[in-house]
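The values are calculated or read from the model by the stated rules, or taken from the named source; none is laboratory data. Computed from a predicted model, the values in this text were never measured in an experiment. Every residue, glycine among them, receives a Cβ derived from its backbone with ideal geometry; neighbour counts consider all protein chains shown. These area figures cover heavy atoms from the full protein model, side chains too; ligands, DNA and RNA do not enter into them. Shrake-Rupley method; radii C 1.70, N 1.55, O 1.52, S 1.80 Å.
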Amino acid sequence: MLVLMGPCTWIWPYLSIFADSLYALSGTRKHLERITSVGPRPVGSRENEVLTVNFLLEQIEHIKTISASGPNSVTVDVQRPTGSYKFLGGITSYCKVSNIAVRLEPKAGAQHLMLANCHFDTVANSPGASDDAVSCAVMLEVLHSLANLSTPLRHGVVFLFNGAEETMQQASHGFITQHPWAKQVRAFINLEAVGVGGKELVFQTGPENPWLIQAYKHAAKHPFASVVGQEIFQRRLIPSDTDFRIYRDFGNIPGIDLAFIENGFIYHTKYDTPDRILTDSIQRAGEYFGPHSGASQIRTKIVWGSSMPLLTPLTLCVCLFLLQGVRHLEVGELYFDVSLLLWCGALVYFTAHSLCSAYVPMLMVAFPLATKLLLAREFKLRGASVKYSVLYQLGLALPYVHFMSLIWLVFEIFTPTLGRINTYPPDVVLATIVTFTTLFFSSFFLHFIYLARSTKWLLAGLGTVFTVLLLLVSCGMFFPYTADPSGPRPKRVSIQHTTRIVHGLDGQVESRDSGLWINSCDYTGMQHITPIIPEINDTIKTNCQEDRPFCGFPWFGSDKNNWYLPAPEVFPKSPVEFQLLSKEETKWGTVRLTFEVKGPSHMSLYLMPHRGASLSSWWFGDGTPQLYLAREYFIFYTHGLDAPAWNFWFQIQPPNEEGPEGMISVAISSHYYFGEDQRTVQLDDMLQRFPKWAFPSSWVSTYHMYRY
């Protein structure tokens, strides 16, 4: 294991070259456009497994050739790992996904390696320029720069171009758990995106090892990192994840997670194109939080949460009204002391829960308290004079300016993210954030109100603001979506043309139906779509069928926001072949079922033991079954090209008395994300009817259920 050399200064040169390369990337734009020119690159597609892999290998071989006479060597390895593991409550399994690993080291060899990671696969129906083609383009340029150095490197670098991140980070797991180079990796940099272009933010680092962030600070020309962002992300307040988790949890190595954060409204959509990633975002990715991200941009996004602006002025009006008649000077002093006490409470709470964000309430205790003590004599002599007011505000400038940058970061990430959540109203969340923000900013300034001669005009102003906002919200003036090319904010909808077939204990078909299964990815459901497409209305909302795994549908989602519109049956040219190979009783009284599955690159397996039965072991992960829901198990499977049949088994403890429905329901769903099987006439017709401000991501799927 590497002994950390002081603050681990060995990593500084590599971080410095990464930072420098982000400023001058002559070939990055060309690489980016070439990668995205093939279109969406889901795992298993020819675009991902052949075209993109071949392009990357071609560029790497070119770099290897032109640097052959230098002091460093380039080694290329194409890995096709297979495995399974527990991940976020479920199980993911994979077979022959793609990794391109490039090892750059002195010709004498290297004992220690730093890992740089990007992924070139995408979600369905998105070209993925920002997520994550631009990072792979950057890494090609960095590799070129390092390989052509005239001096040997002190340690080695592994550049991992992984082809299966969008499928629960399978490729990075395959590398860090199976590749022989992984044992020499001592630190990593993960290049990612939660938005499209803009600045790059260090939003995760560790675990522990503070030397790593010091190395980043030393190397980056314009470093930007936020421990607040890290704590928000690692508490899963944002429904997203990156390869950082895999390297941290399965590799137990420290690293840095950098991501584009701007314009998350078009993340994972058709709008994630190279033209939206400005040259400055590539060449000056270290120049974080530029002046173009001002307050006007934030206000534009705030109105998306329609009711939240009403709370703050109303609350202040009520408070002012209740305190009328109390001596103003006393109330002013009381407000300051109460604010200080509340911030002390917040500081104690954050510290007790080991939150690094405790530095925020610390600033809000230290600076106001020091300012008041220093200005106590001035206040006693002259009261709330102009001089006192100016000096007081100067004393609070540092924590307030810093908090403004944090609030901008929160809105930049949270506002578009809430547009991808359908389980709770985003207005309430943003309203809460705005209210607490207002309380934060006003906490140490409220006492000025009571040092004034009259609050009449303030009350009138706040009342007017509240009334105007109430009228604007009530009349529906703020429409949440737009197709404006300069700044689209699309409504996200997923549409699957699916066929469902249910088999009984005897293997015969009990029921079958087909339809367009429609999921709203935000909380508004179909209320804005129904006037345009009347067939999609509340009469076709789905109900969970409790006797079927995952409610009898080929995915997992909120029952509240699903619609099922009858449509003709689908007939993929590569249908799922699901076969029970054997059923045998063990000496422990369990029943072992072994299966074989052949099908498309993306499949899901759902297991639901019946009452009294339970799973005792299985082929997946560490062999111990892990519940995903109260009664159900979920396994997500992905494979690359030329993968063999998927074989697995599980053992079940049968109930004391087996009922007429058997001991377990097993369902297999398939998803056709690319190729000719992805489209149907009915899907295409429906897509044409959606408004321009919507982004319907569509594909074909099937759901087969069996009882044993």
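Every listed requirement among (1) under 24 Å from Met603 (Cα atoms); (2) modelled with pLDDT under 95; (3) open to solvent by 40 Å² or more (accessible area, probe 1.4 Å) is met by Arg80 save one, (2).
Of the numbered criteria (1) out of contact with any Asp or Glu (no Cβ under 9 Å at 6 or more places or on another chain); (2) on the phi < 0 side of the Ramachandran plot, the one Val102 fails is (1). Are any residues in region 615-634 surrounded by 16 or more Cβ atoms within 10 Å (Cβ to Cβ) and either among the charged types (D, E, K, R) or more than 17 Å from Phe595 (Cβ to Cβ) (or both), and if so, which ones? The answer is Gln626, Tyr628, Glu632.
Among residues of region 46-71 that are surrounded by fewer than 16 Cβ atoms within 10 Å (Cβ to Cβ) and acidic (Asp, Glu), those with a beta-carbon under 8 Å from a residue that is at pLDDT 95 or above and not in a helix (DSSP H, G or I) at least six positions away or on a different chain give the pairs Glu61/Val76.
A count restricted to region 409-428 and to residues that are crowded, with 16+ Cβ neighbours inside 10 Å and either of a type in the set (S, T, N, Q) or closer than 30 Å to Phe336 by Cβ (or both) stands at 6.
Pro568 meets all of the listed conditions (1) at negative phi; (2) open to solvent by less than 40 Å² (accessible area, probe 1.4 Å); (3) in contact (Cβ under 8 Å) with a residue 60 or more places away in the chain but one, namely (2).
Selection of region 22-44 for residues being surrounded by 22 or more Cβ atoms within 10 Å (Cβ to Cβ), modelled with pLDDT under 90 and assigned to a helix (DSSP H, G or I) yields only Thr28. Restricting attention to region 652-684, the residues that are part of a strand (DSSP E or B), surrounded by fewer than 19 Cβ atoms within 10 Å (Cβ to Cβ) and among the polar types (S, T, N, Q) add up to 1.
With respect to Asp506, determine if the residue is of a type in the set (D, E, K, R), part of a loop (DSSP other than H, G, I, E, B) and surrounded by fewer than 20 Cβ atoms within 10 Å (Cβ to Cβ). Here the answer is yes, as Asp506 does meet what is asked. Each residue in region 335-355 was checked for being modelled with pLDDT of 85 or more, surrounded by 15 or more Cβ atoms within 10 Å (Cβ to Cβ) and among the small types (Gly, Ala, Ser), and 1 of them qualify. Search region 529-546 for residues being hydrophobic (A, V, I, L, M, F, W, C), crowded, with 16+ Cβ neighbours inside 10 Å and free of Cβ contacts under 8 Å to residues at least 60 places away in the same chain, and hand back the single one that is nearest to Ala694 (Cα to Cα). Result: Ile536.
Looking only at region 220-228, decide whether some residue is buried (at least 22 other Cβ atoms within 10 Å of the Cβ), at pLDDT below 80, in contact with a helix residue (DSSP H, G or I) (Cβ under 7 Å, 6 or more places away or on another chain) and more than 30 Å from Leu430 (Cβ to Cβ). So far as region 220-228 goes, yes, one or more of its residues are buried (at least 22 other Cβ atoms within 10 Å of the Cβ), at pLDDT below 80, in contact with a helix residue (DSSP H, G or I) (Cβ under 7 Å, 6 or more places away or on another chain) and more than 30 Å from Leu430 (Cβ to Cβ). For region 358-388, taking the residues that are touching a Phe, Trp or Tyr at 6+ places or on another chain (Cβ under 8 Å), at pLDDT 80 or above and not hydrophobic (A, V, I, L, M, F, W, C), the one that is most open to solvent (accessible area, probe 1.4 Å) is identified as Lys372. Return yes or no: is Ser574 over 20 Å from His503 (Cβ atoms) and in contact with a strand residue (DSSP E or B) (Cβ under 7 Å, 6 or more places away or on another chain)? Taking the combined requirement at face value, the residue does not satisfy it. What pairs come up if the first residue lies in region 468-484 and is more than 17 Å from Pro426 (Cα to Cα) and small (Gly, Ala, Ser), the second is open to solvent by less than 70 Å² (accessible area, probe 1.4 Å) and not in a helix (DSSP H, G or I), and their beta carbons are under 9 Å apart, counting only those six or more places apart or on different chains? Matching pairs, first to second residue: Ala483/Arg489; Ala483/Pro490; Ala483/Pro691; Ala483/Trp693; Ala483/Ala694.
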